[in-house]
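Read the structure below first, then the notes.
The values are calculated or read from the model by the stated rules, or taken from the named source; none is laboratory data. Small disclaimer: the values here were computed from a predicted structure and weren't measured. Here the Cβ positions follow ideal geometry from the backbone for every residue, glycine too, while neighbour counts run over all protein chains shown.
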Amino acid sequence: MKAIAIQAFGGPEGLAVIEVPDPVPGDGQVLIETEASGVGGVDQLIRSGVLGAYGFKPGHILGSEVAGTVSAVGDGVDPGWFGRRVWAFVGLQGGYAERAVAPVTATVPLPDGRSAVDAVTLGSSGAVAHFALRHAHFAPGESVLVRGAAGGLGTMAVQLAARGGASAIAVTTSLAERGERLRALGATHVLDRAGEAEDAPEGFDVIIDIVAGPDLPAFLDKLNPNGRLVAIGLMGGPPPADFGLRLFAAFQQSRSFATFSLDTVPDADRFAATADVLAGDLEAVVHAVLPLDHAVRAHALLDAGGVFGRLALTPPGRDGA
């Protein structure tokens, strides 16, 4: 089968189409005929070599989530899964391929009418945004800022904050056109990358930060008393080593900072949340759907920073509908 592997870490040109044997489902696993593979920020970080400390090596097949049809089941798996259309989390490898294996415990049936492309756009991103807001102890009536809102995580966080009863939802983005699209998803204020605008709220109860980077301390200053900033991404790189001093400088404001990863959520809760997201009414914001062998182009789009929502790859002959 065809798959996309990292031949050399660095730029998108280090990705290549390779031929590998079909995977075989092991105990507790299902084999999925891939209709769509999600392309996200973690793939970009792995490909670039930023996460080299985690042991990724050349030959690594990217992709953490897929959607398609179960074509085989391993030992211990209910045969009733055979032939079902599903979304699945395959780990941090194996998703950019014509077929993929996943634990049945990380596999969610697709509701009627939910496309494979929609599924890989909503599945992980929706769960991250859901639990990040919960990690921030977000409550109805509170104000929220989503920093770096134009990507898959950001568009989900904006929609969930709106549905959760936020009093105001601000977003940071560099382009006016993106701001208008974010307003359509529920944003009430559009700020520039520095978090400034004429009508910007004075402070926020919750900040969901997908960027981090050198400007993170300035956003800690934008928290209201008892405000909480939760970092769920590092797309701007790590923050300064001394960023926590900003919290101590405003000690009497009782502000707080936290990181959040889905790895800390028990699988049963994690995939139950994904099932709820897929069955709900969140809009799947899809920037583009590209053929599997156009993975280099997909990653070039990510690196250029112009993606609104998420990208998906589809194998030959499968359109992800």
P140 being free of Cβ contacts under 8 Å to residues at least 60 places away in the same chain and either of a type outside the set (S, T, N, Q) or surrounded by 24 or more Cβ atoms within 10 Å (Cβ to Cβ) (or both)
yes
Taking segment 155-175, which residues are over 14 Å from F138 (Cα atoms) and more than 20 Å from the chain's Cα centre (by Cα)?
L175
Checking L247 against (1) aliphatic (A, V, I, L, M); (2) in a helix (DSSP H, G or I); (3) in contact (Cβ under 8 Å) with a residue 60 or more places away in the chain; (4) in the same structural domain as G152 (by TED's automatic domain parsing), only one condition comes out false. Which one?
(3)
What's the number of the only condition in (1) modelled with pLDDT of 95 or more; (2) crowded, with 21+ Cβ neighbours inside 10 Å that R183 fails to meet?
(2)
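Residue by residue, here is whether (1) in a loop (DSSP other than H, G, I, E, B); (2) not hydrophobic (A, V, I, L, M, F, W, C) holds:
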| residue | (1), (2) |
| --- | --- |
| V171 | no, no |
| L182 | no, no |
| P201 | yes, yes |
| V206 | no, no |
| G213 | yes, yes |
| P217 | no, yes |
| N226 | no, yes |
| L229 | no, no |
So L122 fits all but one of (1) in a helix (DSSP H, G or I); (2) more than 30 Å from A88 (Cα to Cα); what number is the exception?
(2)
Anything in segment 9-29 that is more than 17 Å from L92 (Cα to Cα) and among the hydrophobic types (A, V, I, L, M, F, W, C)? List them, or say none.
A16, V17, I18, V20, V24
Just to be sure I understand, how many residues within segment 11-52 are under 14 Å from A298 (Cα atoms) and small (G, A, S)?
9
Can you pull out every residue in segment 154-180 that is surrounded by fewer than 20 Cβ atoms within 10 Å (Cβ to Cβ), at pLDDT below 95 and not charged (D, E, K, R)?
S174, L175, A176
Residues of segment 54-71 being under 18 Å from V20 (Cα atoms) and either assigned to a helix (DSSP H, G or I) or of a type in the set (A, V, I, L, M) (or both), in sequence order, are I61, L62, V66
Hey, can you tell me all the residues within segment 262-297 that are surrounded by 15 or more Cβ atoms within 10 Å (Cβ to Cβ) and among the polar types (S, T, N, Q)?
T274
Any residue in segment 79-106 that's outside the structural domain of P291 (by TED's automatic domain parsing) and assigned to a strand (DSSP E or B): show its pairings with residues that are crowded, with 20+ Cβ neighbours inside 10 Å and of a type outside the set (V, I, T) at Cβ separation under 7 Å, as long as the two are six or more apart or on different chains.
none
Pairs only if they're at least six apart or on different chains, beta carbon under 8 angstrom, first in segment 58-74 and outside the structural domain of A88 (by TED's automatic domain parsing), second surrounded by 17 or more Cβ atoms within 10 Å (Cβ to Cβ) and among the polar types (S, T, N, Q); list them, first residue then second.
none
Any hit, segment 76-95, residues being aromatic (F, W, Y), closer than 23 Å to L160 by Cα, surrounded by 21 or more Cβ atoms within 10 Å (Cβ to Cβ) and over 18 Å from the mean Cα position of the chain (by Cα):
no
Please tell me if V146 is of a type in the set (V, I, T), on the phi < 0 side of the Ramachandran plot and part of a helix (DSSP H, G or I).
no
